[in-house]
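Asks: Got a structure for you, questions after.
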Amino acid sequence: MLDRSTRDMLQPPAVDAAEGEGWLVSYLDVLTLLITLFVLLLSLAGNGLAIKGSQHGGEVTAVVSPQAEAAARMVAGAGLLPRHDGIEPRFPGLEIEGVSVLEDQQGITLRIDDNLLFDSGQAILTGQGREVLGRLREVLVSFEGDISVEGHTDSIPIASFRFPSNWELSSGRAIAVLRYLAELGVPAERLRAVGYAETRPLGSNETPEGRAANRRVELLLHQEAESP
(Lines give C-alpha, C1' and ligand atoms only; values in the text may rest on other atoms or scores of the structure.)
Protein backbone atom coordinates (compact mmCIF):
# COMPACT_ATOMS: atom_id res chain seq x y z
CA MET A 1 0.00 0.00 0.00
CA LEU A 2 1.40 3.37 -1.07
CA ASP A 3 1.89 6.04 1.52
CA ARG A 4 0.47 9.55 1.05
CA SER A 5 3.68 11.16 -0.27
CA THR A 6 4.01 8.51 -2.99
CA ARG A 7 0.38 8.95 -4.05
CA ASP A 8 0.89 12.73 -4.34
CA MET A 9 3.86 12.20 -6.64
CA LEU A 10 1.97 9.83 -8.96
CA GLN A 11 -1.21 11.94 -9.12
CA PRO A 12 -1.15 14.56 -11.99
CA PRO A 13 -1.30 18.16 -10.87
CA ALA A 14 -4.70 19.82 -10.76
CA VAL A 15 -5.54 21.99 -13.76
CA ASP A 16 -7.74 25.02 -13.56
CA ALA A 17 -11.00 24.44 -15.50
CA ALA A 18 -10.79 27.69 -17.45
CA GLU A 19 -7.14 27.01 -18.38
CA GLY A 20 -7.89 23.45 -19.44
CA GLU A 21 -10.61 24.52 -21.85
CA GLY A 22 -8.59 27.32 -23.48
CA TRP A 23 -7.81 25.14 -26.51
CA LEU A 24 -11.54 24.80 -27.15
CA VAL A 25 -11.88 28.56 -27.87
CA SER A 26 -9.14 28.44 -30.51
CA TYR A 27 -10.70 25.35 -32.02
CA LEU A 28 -14.08 27.04 -32.33
CA ASP A 29 -12.46 30.07 -33.99
CA VAL A 30 -10.79 27.86 -36.61
CA LEU A 31 -14.03 25.96 -37.16
CA THR A 32 -15.93 29.23 -37.70
CA LEU A 33 -13.38 30.38 -40.28
CA LEU A 34 -13.64 27.05 -42.12
CA ILE A 35 -17.44 27.26 -42.21
CA THR A 36 -17.24 30.85 -43.55
CA LEU A 37 -14.80 29.77 -46.26
CA PHE A 38 -17.06 26.85 -47.19
CA VAL A 39 -20.11 29.15 -47.51
CA LEU A 40 -18.09 31.56 -49.66
CA LEU A 41 -17.00 28.77 -51.98
CA LEU A 42 -20.59 27.60 -52.31
CA SER A 43 -21.76 31.13 -53.17
CA LEU A 44 -19.06 31.44 -55.82
CA ALA A 45 -20.05 28.08 -57.25
CA GLY A 46 -23.67 29.23 -57.42
CA ASN A 47 -22.58 32.27 -59.44
CA GLY A 48 -20.79 30.25 -62.06
CA LEU A 49 -17.68 28.64 -60.58
CA ALA A 50 -17.08 25.44 -62.47
CA ILE A 51 -14.28 22.88 -62.24
CA LYS A 52 -13.28 20.85 -65.28
CA GLY A 53 -10.87 17.91 -65.08
CA SER A 54 -9.87 14.95 -67.14
CA GLN A 55 -11.34 11.51 -66.40
CA HIS A 56 -7.97 10.06 -65.42
CA GLY A 57 -6.84 12.74 -63.05
CA GLY A 58 -5.16 14.97 -65.61
CA GLU A 59 -5.17 18.73 -65.84
CA VAL A 60 -7.79 20.60 -63.83
CA THR A 61 -9.09 23.96 -65.04
CA ALA A 62 -11.22 26.42 -63.09
CA VAL A 63 -13.75 28.45 -65.03
CA VAL A 64 -15.02 31.46 -63.11
CA SER A 65 -17.97 33.55 -64.23
CA PRO A 66 -17.69 37.36 -64.22
CA GLN A 67 -20.07 37.51 -61.24
CA ALA A 68 -17.93 35.11 -59.24
CA GLU A 69 -14.75 36.96 -60.16
CA ALA A 70 -16.31 40.26 -59.07
CA ALA A 71 -17.38 38.71 -55.77
CA ALA A 72 -13.87 37.41 -55.21
CA ARG A 73 -12.40 40.86 -55.86
CA MET A 74 -14.80 42.37 -53.36
CA VAL A 75 -13.87 39.80 -50.73
CA ALA A 76 -10.20 40.51 -51.38
CA GLY A 77 -10.84 44.19 -50.75
CA ALA A 78 -9.99 45.34 -54.27
CA GLY A 79 -13.30 47.18 -54.66
CA LEU A 80 -15.31 47.81 -57.81
CA LEU A 81 -15.74 51.06 -59.72
CA PRO A 82 -19.24 51.27 -61.25
CA ARG A 83 -18.01 53.09 -64.34
CA HIS A 84 -19.87 50.70 -66.64
CA ASP A 85 -23.55 49.96 -66.40
CA GLY A 86 -24.32 46.91 -68.50
CA ILE A 87 -22.15 47.94 -71.46
CA GLU A 88 -18.78 46.35 -70.79
CA PRO A 89 -19.67 42.93 -72.30
CA ARG A 90 -20.55 44.71 -75.56
CA PHE A 91 -17.58 47.07 -75.58
CA PRO A 92 -14.77 45.34 -73.63
CA GLY A 93 -11.74 47.31 -72.54
CA LEU A 94 -13.43 50.73 -72.47
CA GLU A 95 -11.71 52.32 -69.49
CA ILE A 96 -10.91 56.02 -69.93
CA GLU A 97 -10.47 58.40 -67.02
CA GLY A 98 -13.16 61.08 -67.20
CA VAL A 99 -15.48 59.03 -69.45
CA SER A 100 -18.54 57.41 -67.87
CA VAL A 101 -20.71 54.79 -69.52
CA LEU A 102 -24.42 54.47 -68.80
CA GLU A 103 -27.30 52.55 -70.34
CA ASP A 104 -31.02 53.23 -70.15
CA GLN A 105 -34.13 52.85 -72.30
CA GLN A 106 -32.94 55.51 -74.75
CA GLY A 107 -29.66 53.77 -75.41
CA ILE A 108 -26.04 53.94 -74.33
CA THR A 109 -24.48 57.21 -73.18
CA LEU A 110 -20.77 58.01 -73.18
CA ARG A 111 -20.42 60.99 -70.84
CA ILE A 112 -17.16 62.93 -71.27
CA ASP A 113 -15.94 65.64 -68.89
CA ASP A 114 -15.54 68.87 -70.82
CA ASN A 115 -12.05 69.54 -69.45
CA LEU A 116 -10.87 66.51 -71.42
CA LEU A 117 -12.03 68.10 -74.67
CA PHE A 118 -11.91 71.91 -74.49
CA ASP A 119 -10.22 74.81 -72.79
CA SER A 120 -12.47 77.08 -70.73
CA GLY A 121 -14.90 79.07 -72.88
CA GLN A 122 -13.63 77.48 -76.11
CA ALA A 123 -15.08 75.09 -78.67
CA ILE A 124 -11.84 73.95 -80.30
CA LEU A 125 -10.78 70.41 -79.44
CA THR A 126 -7.53 70.13 -77.53
CA GLY A 127 -4.89 67.52 -78.29
CA GLN A 128 -6.08 65.54 -75.29
CA GLY A 129 -9.65 65.79 -76.55
CA ARG A 130 -8.66 64.37 -79.92
CA GLU A 131 -6.86 61.54 -78.17
CA VAL A 132 -9.92 60.69 -76.05
CA LEU A 133 -12.22 60.65 -79.06
CA GLY A 134 -9.68 58.58 -80.95
CA ARG A 135 -9.85 55.96 -78.23
CA LEU A 136 -13.64 55.87 -78.65
CA ARG A 137 -13.42 55.51 -82.41
CA GLU A 138 -13.64 51.70 -82.54
CA VAL A 139 -16.71 51.68 -80.31
CA LEU A 140 -18.50 54.36 -82.33
CA VAL A 141 -17.65 52.93 -85.74
CA SER A 142 -18.85 49.46 -84.72
CA PHE A 143 -22.16 50.86 -83.44
CA GLU A 144 -24.83 50.61 -86.14
CA GLY A 145 -27.41 53.08 -84.81
CA ASP A 146 -27.62 56.88 -84.70
CA ILE A 147 -25.32 58.88 -82.44
CA SER A 148 -26.34 62.18 -80.87
CA VAL A 149 -23.55 64.50 -79.76
CA GLU A 150 -24.95 66.65 -76.95
CA GLY A 151 -23.19 69.68 -75.48
CA HIS A 152 -23.89 70.91 -71.92
CA THR A 153 -22.62 73.86 -69.88
CA ASP A 154 -22.98 75.21 -66.37
CA SER A 155 -25.12 78.25 -65.54
CA ILE A 156 -22.32 80.84 -65.56
CA PRO A 157 -23.13 83.27 -68.41
CA ILE A 158 -20.78 83.74 -71.33
CA ALA A 159 -20.91 86.75 -73.65
CA SER A 160 -18.03 86.61 -76.10
CA PHE A 161 -18.08 87.69 -79.74
CA ARG A 162 -18.24 84.07 -80.92
CA PHE A 163 -20.50 82.78 -78.15
CA PRO A 164 -23.14 85.32 -77.11
CA SER A 165 -24.62 82.75 -74.69
CA ASN A 166 -24.23 79.21 -73.43
CA TRP A 167 -26.51 78.03 -76.22
CA GLU A 168 -23.91 78.88 -78.83
CA LEU A 169 -21.07 77.48 -76.69
CA SER A 170 -22.77 74.12 -76.07
CA SER A 171 -23.81 73.82 -79.71
CA GLY A 172 -20.35 74.79 -80.94
CA ARG A 173 -18.73 72.15 -78.77
CA ALA A 174 -21.15 69.46 -79.94
CA ILE A 175 -20.45 70.38 -83.57
CA ALA A 176 -16.69 70.32 -83.00
CA VAL A 177 -16.93 66.78 -81.59
CA LEU A 178 -19.23 65.70 -84.42
CA ARG A 179 -16.85 67.01 -87.10
CA TYR A 180 -13.89 65.19 -85.58
CA LEU A 181 -15.82 61.93 -85.25
CA ALA A 182 -16.66 62.20 -88.95
CA GLU A 183 -12.95 62.66 -89.66
CA LEU A 184 -12.26 59.50 -87.68
CA GLY A 185 -14.53 57.53 -89.95
CA VAL A 186 -17.84 57.52 -88.09
CA PRO A 187 -20.51 57.76 -90.83
CA ALA A 188 -21.74 61.36 -90.94
CA GLU A 189 -25.29 60.27 -91.77
CA ARG A 190 -25.51 58.64 -88.34
CA LEU A 191 -24.34 61.74 -86.45
CA ARG A 192 -26.23 64.75 -85.19
CA ALA A 193 -25.31 67.59 -82.83
CA VAL A 194 -27.42 69.47 -80.30
CA GLY A 195 -26.65 72.05 -77.62
CA TYR A 196 -28.57 72.16 -74.33
CA ALA A 197 -26.68 75.01 -72.63
CA GLU A 198 -27.35 74.79 -68.87
CA THR A 199 -30.89 73.37 -69.13
CA ARG A 200 -30.03 69.76 -68.18
CA PRO A 201 -27.75 69.91 -65.13
CA LEU A 202 -26.45 66.85 -63.32
CA GLY A 203 -25.53 68.72 -60.14
CA SER A 204 -26.08 72.01 -58.39
CA ASN A 205 -24.71 75.09 -60.14
CA GLU A 206 -24.18 76.59 -56.69
CA THR A 207 -21.02 74.53 -56.08
CA PRO A 208 -17.79 74.13 -58.09
CA GLU A 209 -18.24 70.35 -58.08
CA GLY A 210 -21.77 70.63 -59.44
CA ARG A 211 -20.74 73.06 -62.17
CA ALA A 212 -17.87 70.78 -63.18
CA ALA A 213 -20.28 67.84 -63.50
CA ASN A 214 -22.66 69.95 -65.61
CA ARG A 215 -19.96 70.91 -68.14
CA ARG A 216 -19.83 67.86 -70.35
CA VAL A 217 -20.34 66.34 -73.78
CA GLU A 218 -22.48 63.24 -74.08
CA LEU A 219 -22.55 60.77 -76.95
CA LEU A 220 -25.94 59.09 -76.96
CA LEU A 221 -25.94 55.83 -78.93
CA HIS A 222 -29.61 55.26 -79.75
CA GLN A 223 -30.86 51.72 -79.42
CA GLU A 224 -32.63 50.44 -82.50
CA ALA A 225 -36.26 49.54 -81.87
CA GLU A 226 -36.86 45.79 -81.84
CA SER A 227 -39.12 44.40 -84.53
CA PRO A 228 -42.43 43.09 -83.20
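Asks: Being closer than 17 Å to residue 152 by Cα and without any contact (Cβ under 8 Å) to a residue 12 or more places away in the chain is the filter here, so list the residues in the range 97-133 that pass it.
Replies: Within the range 97-133, 119, 120, 122 meet the criteria.
Asks: Further question on the same structure: With respect to residue 221, determine if the residue is assigned to a loop (DSSP other than H, G, I, E, B), of a type outside the set (Ser, Thr, Tyr) and either touching a Lys or Arg at 6+ places or on another chain (Cβ under 7 Å) or under 18 Å from residue 100 (Cα atoms) (or both).
Replies: In short, no.
Asks: Could I ask something else about it? Which one is farthest from residue 114 (Cα to Cα), of the residues in the range 213-225 that are open to solvent by 40 Å² or more (accessible area, probe 1.4 Å) and charged (D, E, K, R)?
Replies: Ranking the candidates gives 224 first.
Asks: So if I check each of 162, 111, 135, which one is charged (D, E, K, R) and buried (at least 18 other Cβ atoms within 10 Å of the Cβ)?
Replies: Every option except 111 fails the conditions.
Asks: May I ask you to say which residue of 203, 210, 172 is in a helix (DSSP H, G or I), in contact with a Gly (Cβ under 8 Å, 6 or more places away or on another chain), surrounded by fewer than 18 Cβ atoms within 10 Å (Cβ to Cβ) and of a type outside the set (Ser, Thr, Tyr)?
Replies: 210
Asks: Suppose the filter is open to solvent by less than 40 Å² (accessible area, probe 1.4 Å), charged (D, E, K, R) and farther than 15 Å from residue 114 by Cα; does residue 190 pass it?
Replies: The answer is yes for residue 190.
Asks: Please go through the range 119-165 and pick out each residue that is in contact with a strand residue (DSSP E or B) (Cβ under 8 Å, 6 or more places away or on another chain) and of a type outside the set (A, V, I, L, M, F, W, C).
Replies: Matches in the range 119-165: 145, 146, 148, 150, 151, 152.
Asks: Where residues in the range 138-159 are assigned to a loop (DSSP other than H, G, I, E, B) and free of Cβ contacts under 8 Å to residues at least 24 places away in the same chain, which of them is surrounded by the fewest Cβ atoms within 10 Å (Cβ to Cβ)?
Replies: 159
The values are calculated or read from the model by the stated rules, or taken from the named source; none is laboratory data. In this text, all values refer to a predicted model and were calculated from it rather than measured experimentally. Positions of Cβ are generated from backbone atoms using ideal geometry, with glycine treated the same way; all protein chains shown enter the neighbour counts. Just so you know, the surface numbers come from the protein's heavy atoms only, side chains and all, with ligands and any DNA or RNA stripped out. Shrake-Rupley method; radii C 1.70, N 1.55, O 1.52, S 1.80 Å.
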